[in-house]
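Working notes, beginning with the structure itself.
What follows draws every value from the coordinates through simple rules; no lab data is involved. Please read all numbers here as calculations on a predicted model, not as lab measurements. Positions of Cβ are backbone-derived with ideal geometry, glycine not excepted, and every protein chain shown enters the neighbour counts.
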Amino acid sequence: MAGKLIDLGLGGGTVTDSRLEQTLFGVHFSNPIGLAAGFDKNAEHLAAWPKYGFGHAEIGTVTARPQPGNLRPRMFRLPEDQGLINRMGFNNAGAEAVAGRLRNRGTFPVGINLGKNKDTEPADAPENYRQAFRQLRGLGDYYVINVSSPNTPGLRSLQEKGPLMDILQALQSEDATARFFIKVAPDLTESALDDVISVAMAGNATGLIATNTTISRDGLKADPRQDGGLSGRPVRDKSDAALAHLARQCGNSLTLIGVGGIFDADDVIRKIQLGAHLTQLYTGWIYGGPGLIPKILRDLCVRMDQDGVKNIRDYIRS
Ligand SMILES: Cc1cc2nc3c(=O)[nH]c(=O)nc-3n(C[C@H](O)[C@H](O)[C@H](O)COP(=O)(O)O)c2cc1C
């Protein structure tokens, strides 16, 4: 049978299969599915993620100083749309506390997603990101410049060329060897995405993450009144379109992580075919539960058997 299932308790488990493994930017990934940012904001559950089958986890968003986030309620389910709306507002314990939890973390790949404090003016953003990074330097396999959450006023304007380059350069001045990704919104136009690519290329970033949640409410069955970012099935097509555009424009020169609306193996394969080297999910796991990742991994192995594919990466633009 394709893919060996290992039950690790917690209602989860993982699947090992060499065809799911890849080494990217010097990091070994046992499979291409990661936990997206926002679930383990404070790195409190690092030991659990491999047990649920994930191949990596992105912790955060972490800010330089701790902050409480927005008032509750701040997360809403849209079951008929398989979606979520959230306006958490980067509630987190701050970089110093998170750094303490990341020391001695072992070999499971971890990305650290960095954001701006709510009370930091956009003009001071590079210094604010730098302060967060300085405390977390050396503790992550990669770092993410999150300029795409809709819940911090002014944050998404930092996706523009000048401000984005200033942040990237501020971080690189702290550690030129760290691997930096930029996480984009699904609501950017193609020309705005091209600007992000040009910053990433000129600034020697490692890659891009497409995408964060959307501010659009198009095509919903529900009629939500809540402000915030929409994730899950309703963001899937927008995320796919952004990913496809990025892949077309930057070829193989950047590592791409596809996130937004993944619920099953078909979604993972489609993102990889569009150009993703790795994938992540959040909302799908909320609806799918703890057994979801081993199920998807097993389905991926079955698909690779059927398609005669020797490694998951061979689906890229096949
Ligand atoms: C409740 C919630 C909180 C989130 N918090 C963050 C965050 O702190 N930083 C971030 O970059 N993305 C955050 N996200 C966005 C996810 O990482 C992901 O980009 C988005 O939800 C699309 O993936 P999905 O459809 O699989 O959920 C959050 C999403 C949800 C649902």
- Task: Compute the Cα gyration tensor for region 59-138, then decide on rounded, prolate or oblate, letting a ≥ b ≥ c be the square roots of its eigenvalues: rounded whenever a/c is under 1.5, prolate when a/b is larger than b/c in the other cases, and oblate in all that remain.
- Result: oblate
- If you place +1 on the Cβ of every Lys and Arg and -1 on the Cβ of every Asp and Glu, how big does the dipole about the Cα centre of region 4-315 come out, in debye to the nearest 20? 580 debye
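Give me the percent of DSSP beta bridges within the chain that run antiparallel, rounded to the nearest 5. Write out the running numbers ahead of the final one.
Details: 16 of 44 bridges.
Given both bridge residues lie in the chain, the antiparallel proportion sits at roughly 35 percent.
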- Once you have a ≥ b ≥ c as the square roots of the Cα gyration tensor eigenvalues for the chain, tell me rounded if a/c is under 1.5, and otherwise prolate or oblate according to whether a/b is larger than b/c. rounded
- Query: Any idea how far apart A97 and Q226 come out in nm if each label point goes 7 Å out from Cα toward Cβ?
  - Reply: 2.3 nm
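Once you have the Cα-Cα distance between L46 and S157, take 0.36 nm times their residue separation minus that, and quote the gain in nm to one decimal. Each step should come with its number before you reach the end.
Details: separation 111, 0.36 × 111 = 39.96 nm, distance 3.16 nm.
Net length gain for the segment: 36.8 nm.
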- Nonlocal amide H pairs with Q67, under 5 Å, H built at 1.01 Å: N92, G94
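For the chain, what is the mean residue ellipticity at 222 nm derived from helices alone (per DSSP H run of n ≥ 4: -39500 (n - 2.57); sum divided by total residues; nearest 500 deg cm²/dmol)?
On the way: 9 runs with 98 residues, N = 318.
Calculated mean residue ellipticity at 222 nm is -9500 deg cm²/dmol.
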- Item | Pairwise label distance in nanometres, R72 with D194, each label 7 Å out on the Cα-Cβ vector | 4.7 nm
